[in-house]
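Peer 1: Here's a structure for you.
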Amino acid sequence: MKVYKILYIAMVLLKEKLKEIQTENIKKEVKVGIIGAGYVGLVTAAGLAYKGYNVLLVEKDKEKLKKIKQGICPFYEPDLQRYLLEGIESGRLSFRENISELVSECRYIFVCVGTPIKDDSTYDMYYLDIVAKEIANNLKNDFRIIIIRSTVPPGTGRWFKKAILRYRRGVKANFEVVSMPEFLREGNAIYDFFNPSRIIIGSDNYDIGKEVSELYSDFGAPILIVSLEEAEIIKLASNAFLAMRISFINSIANLAEVFDSNIENIRLGIGLDPRIGTEFLKAGIGFGGSCLPKDLSALISVFNNYQINPILFEAVKIINDERIDIFINKIKKALWNIKNKILTVWGVSFKANTDDIRESPALKIIPKLVQEGAFINVYDPKGLHNFQSYIQKNYPHFSNSIKLIENIYESTVNSSAILITNDWDEYKRVNYYNIYELMETPIIIDGRNIVNPLEMREIGFEYYSIGNNIK
Ligand code: UDX
C-alpha cells in the first residue's frame with residue numbers, strides 16, 4: 001500500500017514537472033517585442049524574459065541602450081538590474097536596432113514609449129504616432145497584436161489603429177490593437193510586475209484579449225477583459241482615485257492640526273472601516289512622481305475636452321499644490337527666522353526607493369527657502385545626481401546656497417532644522433543622539449510623518465510633523 005502511494009506521488013510530481021517543461025518550451029517559442037526601455041518597458045522586458053518568454057527590446061536612445069546591453073540599469077530601481085542581467089545572460093532578452101525587426105519577428109508587440117504632458121496639460125502623442133507609422137510600414141501578412149502600455153487618454157487605442165490604417169494608405173493590414181495599462185509603482189516595480197493586483201486587457205475582439213491574457217496566465221492575478229476605452233479609463237481613474245485619497249487625508253490633516261490631534265490615529269480610525277482601508281491615506285507634503293500629477297492634470301483636460309465638469313479632480317490638484325506652502329509656513333512658524341540659516345533637506349526623490357525627482361515636492365520647497373535667504377544642505381540616498389542636474393539647469397544662480405552632501409550625518413552639521421521631504425527607511429535608522437549633537441538647533445520638521453515623535457522629543461528635539469499642531 002505504502003509503495004503504491006509513493007509511486008502515485010512520484011507520478012504526479014513527474015507529470016507536473018513535464019507540464020512545467022512543456023510550458024517553458026512553449027514560452028521560449030513565443031517572441032515578445034518591447035518598444036521603449038523606460039520604467040514600464042524595461043521592467044516588462046526583464047520580467048517577461050524571467051518568466052521564460054523570448055523578449056526583443058528596441059530603444060531609440062543609443063546611450064541608454066548601450067548601458068542596458070551591458071546589463072546596467074539606466075535608473076535606480078531595486079532588483080531590476082539583477083533581472084536585466086539574468087535575462088541577457090540566459091539569452092531570453094535580446095536587442096534589435098529598429099521597430100521593423102520587431103514587427104517581422106514578434107506576434108506580440110508592447111508599446112511602452114513615453115507620453116509626456118504638454119504645456120496645455122494634454123498628452124503628447126508624438127512618439128506613439130512615430131511608432132504607429134513604423135509599425136504600419138513594416139506589417140506583412142503575419143498577424144500582429146500591438147499592445148499599448150503607455151499611459152494614454154481614452155480613445156488612443158482607436159486612434160492608433162486608425163493611424164496605422166492611414167499610413168497603410170489602403171493596403172490591407174493584419175493586426176489588432178490592445179490596451180493593457182500598467183500599475184507598477186516606482187521603487188516596487190519588480191514586486192508589482194510579478195504580483196500584479198489585476199491584469200486589465202482592453203480589446204475590441206474578445207478572442208484577442210483572451211490570447212493576450214494567456215501571456216499572464218501564471219501571474220495569479222484576476223484578469224479582466226474589457227473594451228479598449230474601458231481599459232484606458234481604468235488606468236486614469238485608478239491614478240486619479242489614489243491622488244484623491246491623498247488630497248483627502250491631507251485636507252483632514254489640516255483640520256487635525258487645529259485640534260492638536262494626531263492624523264495617524266484618525267487614519268486608523270477611518271481605515272478600520274473595510275470599505276475604506278488604511279492604504280494610501282498617509283498625510284504628507286503631497287503626491288509627486290511621473291504619474292499621479294501628470295495623469296490628474298491630463299484627466300482634467302480630457303473632462304474639459306468633452307465638456308464634463310472636472311471639479312472633483314481640480315480640487316484634488318489644488319489641495320495637492322497647497323501642500324508646499326503649508327509646509328513652508330510650518331517651517332517658518334517653527335524657526336521664526338530662516339534667513340542665513342542652514343537648513344537640512346532629507347529627500348529630493350519624490351518618494352523612497354527611487355532616484356526619480358520628477359514632480360518631487362522638494363524641487364518646489366528648496367528654491368522657495370533659498371529665495372528667503374536660507375542655505376540648504378541636501379541629502380538623499382539615491383536622488384542627488386538627478387537633483388544636481390535639475391539645479392544646474394533651472395537654478396544655476398542658487399548653486400552657492402545649495403550644498404549636496406552624500407553623508408546623512410554630515411548634512412546636519414550646524415543645521416538649524418532637518419526638513420524630511422521623502423520617506424526613505426534610512427531616516428528611521430540613523431543615530432539621532434549623534435545628530436542632536438551636530439546641529440545648531442535640534443529641530444525636525446517631518447513632512448512625511450516618518451520618524452517617531454516620542455523618541456525624538458525624548459532625545460530633546462523639537463519635533464513637528466503633518467497633522468499635528470505645532471506646540
Ligand atoms: C503610481 C501608482 O501607484 C501606480 O499604480 C501607477 O502605475 C503609477 O503611478 P508611483 O508614481 O510610482 O505609482 O508612486 P506611488 O507609490 O503611487 O506614490 C505617489 C505619490 O504619492 C508619492 O509622492 C508618495 O509619496 C505619495 N503618497 C503615497 C502619499 O503622499 N501618501 C500615501 O498614502 C501614498
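Peer 1: Taking I318 and the conditions (1) surrounded by fewer than 20 Cβ atoms within 10 Å (Cβ to Cβ); (2) not in a helix (DSSP H, G or I), which numbered condition does it fall short on, given that it satisfies the others?
Peer 2: Going through the list (1) surrounded by fewer than 20 Cβ atoms within 10 Å (Cβ to Cβ); (2) not in a helix (DSSP H, G or I), I318 breaks only (2).
Peer 1: For segment 225-239, which residues satisfy the criterion of being away from the ligand (no atom under 11 Å from the Cβ) and among the small types (G, A, S)?
Peer 2: Listed by number, the residues that qualify are S227, A231, A237.
Peer 1: Of the conditions (1) farther than 28 Å from D192 by Cα; (2) surrounded by 19 or more Cβ atoms within 10 Å (Cβ to Cβ); (3) hydroxyl-bearing (S, T, Y), S100 fails just one. Which one is it?
Peer 2: For S100, the failing item is (2).
Peer 1: Continuing with the same structure: Of the residues in segment 259-299, how many are open to solvent by 20 Å² or more (accessible area, probe 1.4 Å) and β-branched (V, I, T)?
Peer 2: 4
Peer 1: Find the helices (runs of 4 or more DSSP H) located wholly in segment 66-158 whose residues include 3 or more that are away from the ligand (no atom under 16 Å from the Cβ) and touching a Lys or Arg at 6+ places or on another chain (Cβ under 9 Å), and list them.
Peer 2: Counting at least 3 such residues, we get 99-105, 126-138.
Peer 1: Of everything in segment 421-442, what is in contact with a helix residue (DSSP H, G or I) (Cβ under 6 Å, 6 or more places away or on another chain) and either among the β-branched types (V, I, T) or closer than 22 Å to K333 by Cα (or both)? Give them in sequence order.
Peer 2: If the condition is that a residue be in contact with a helix residue (DSSP H, G or I) (Cβ under 6 Å, 6 or more places away or on another chain) and either among the β-branched types (V, I, T) or closer than 22 Å to K333 by Cα (or both), then T421, I435, Y436, M439, P442 are the ones that fit.
Peer 1: Something else now. Look at G373 and say whether it is within 15 Å of the ligand (Cβ to nearest atom) and either under 28 Å from the mean Cα position of the chain (by Cα) or not polar (S, T, N, Q) (or both).
Peer 2: The answer is no for G373.
Quick grid of which residues meet (1) surrounded by fewer than 17 Cβ atoms within 10 Å (Cβ to Cβ); (2) of a type in the set (V, I, T); (3) free of Cβ contacts under 8 Å to residues at least 12 places away in the same chain; (4) closer than 17 Å to V212 by Cβ:
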| residue | (1), (2), (3), (4) |
| --- | --- |
| A136 | no, no, no, no |
| I146 | no, yes, no, yes |
| S150 | no, no, no, yes |
| N174 | yes, no, no, yes |
| L184 | no, no, no, no |
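Each row is one residue, and each column tells you yes or no for (1) in a helix (DSSP H, G or I); (2) closer than 22 Å to N337 by Cα; (3) open to solvent by 70 Å² or more (accessible area, probe 1.4 Å).
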{"residue": "P381", "(1), (2), (3)": "no, no, no"}
{"residue": "S389", "(1), (2), (3)": "yes, no, no"}
{"residue": "N414", "(1), (2), (3)": "no, yes, yes"}
{"residue": "N422", "(1), (2), (3)": "no, no, no"}
{"residue": "M456", "(1), (2), (3)": "yes, no, no"}
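Peer 1: D446 fails exactly one of the following numbered conditions: (1) open to solvent by 10 Å² or more (accessible area, probe 1.4 Å); (2) among the acidic types (D, E); (3) without any contact (Cβ under 8 Å) to a residue 60 or more places away in the chain. What is the number of that condition?
Peer 2: (1)
Peer 1: Output the number of residues of segment 336-373 satisfying the condition of being farther than 25 Å from E426 by Cα and among the aliphatic types (A, V, I, L, M).
Peer 2: Number of matching residues: 2.
Peer 1: Among the residues that make up segment 271-291, is at least one of them within 16 Å of the ligand (Cβ to nearest atom), in the same structural domain as A352 (by TED's automatic domain parsing), under 24 Å from N452 (Cβ atoms) and in a helix (DSSP H, G or I)?
Peer 2: yes
Peer 1: Of all the residues that make up segment 258-270, how many are in contact (Cβ under 8 Å) with a residue 40 or more places away in the chain, more than 12 Å from the ligand (Cβ to nearest atom) and of a type in the set (A, V, I, L, M)?
Peer 2: Of the residues in that region, 2 qualify.
The values are calculated or read from the model by the stated rules, or taken from the named source; none is laboratory data. On a predicted model such as this, the values are computed, not experimentally measured, just so you know. Because the Cβ atoms are built from the backbone with ideal geometry, glycine has one as well, and the counts that use them run over all protein chains shown. Just the protein is used for accessible areas: all its heavy atoms, side chains included, with ligands, DNA and RNA removed. Shrake-Rupley method; radii C 1.70, N 1.55, O 1.52, S 1.80 Å.
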